[in-house]
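The values are calculated or read from the model by the stated rules, or taken from the named source; none is laboratory data. Everything numeric here is computed off the predicted structure, so don't read it as measured data. So basically every Cβ, Gly included, is an ideal-geometry build from the backbone, and we count neighbours across all protein chains shown.
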Amino acid sequence: MGEPHVISALSNKRAELAGIVSQLERQLGQQRANLAHLDATMRLFDPDIRPNTIRPRQRRARNAWFRPGECLRLIYDELRDAVQPMTTRQLAERIMRVKAMPIADDRQRELVQKTILGSLNRARETIARVEAAGVVSWRLS
C-alpha cells in the first residue's frame, strides 16, 4: 500500500479540484441560462435576429504590472526624452527602473518586454518602427 501521508495529500488535492470543477459547472449553467434569456430578449425586438451568428468576445486578463494605458504612457515618456531610437529591451529596462521592478530577473524582463512590444505594435500611428542592421528600434513619429 502507498504512503498514507502521500495518499492523504493527493486525496485533499483531488477534493479541492473536484470542488473547483463543481463550482465552474454551476457557473457555466448559470451563464448558459443568462445567454438564453438574452437571446430571447433580442428576439422580442428583432424576430429575424440570429444570436448564434454573433461572435463571442474574448476577455483579456489584466496586466499585473501596468494599469490600463500606463504602459503606453511610460513608453511615450521614454521615447520623448530619447536622443535616438530605442530598442524594445532598452525601453523595458528603463520602464522597469521607473516602476522599481528588478531588472536582474530575466524572465520578468522578457514578459515586460512582450507587454511593451504589444503596446508599441498597437500605437503604429504615433510610434515608428526603425530597422537598422537587423536591429529594430522605436521612435516617435
> What are the residues in the stretch 114-134 that are in contact with a Ser or Thr (Cβ under 9 Å, 6 or more places away or on another chain) and surrounded by fewer than 10 Cβ atoms within 10 Å (Cβ to Cβ), if any?
Replying inline: Glu125, Glu131
> For the stretch 45-62, how many residues meet the condition of being within 17 Å of the chain's Cα centre (by Cα) and of a type in the set (D, E, K, R)?
Replying inline: 4
> Consider Ser141 against the criteria (1) surrounded by 13 or more Cβ atoms within 10 Å (Cβ to Cβ); (2) more than 17 Å from the chain's Cα centre (by Cα); (3) of a type in the set (Ser, Thr, Tyr): it satisfies all of them except one. Which criterion is unmet?
Replying inline: (1)
> Among Pro4, Pro51, which is the only one that is in contact with a Leu (Cβ under 8 Å, 6 or more places away or on another chain), farther than 30 Å from Ser141 by Cβ and at pLDDT below 95?
Replying inline: Pro51
> Tell me, which helices (runs of 4 or more DSSP H) lie completely within the stretch 1-113 with 1 or more residues that are surrounded by fewer than 10 Cβ atoms within 10 Å (Cβ to Cβ), without any contact (Cβ under 8 Å) to a residue 24 or more places away in the chain and among the β-branched types (Val, Ile, Thr)?
Replying inline: 4-45
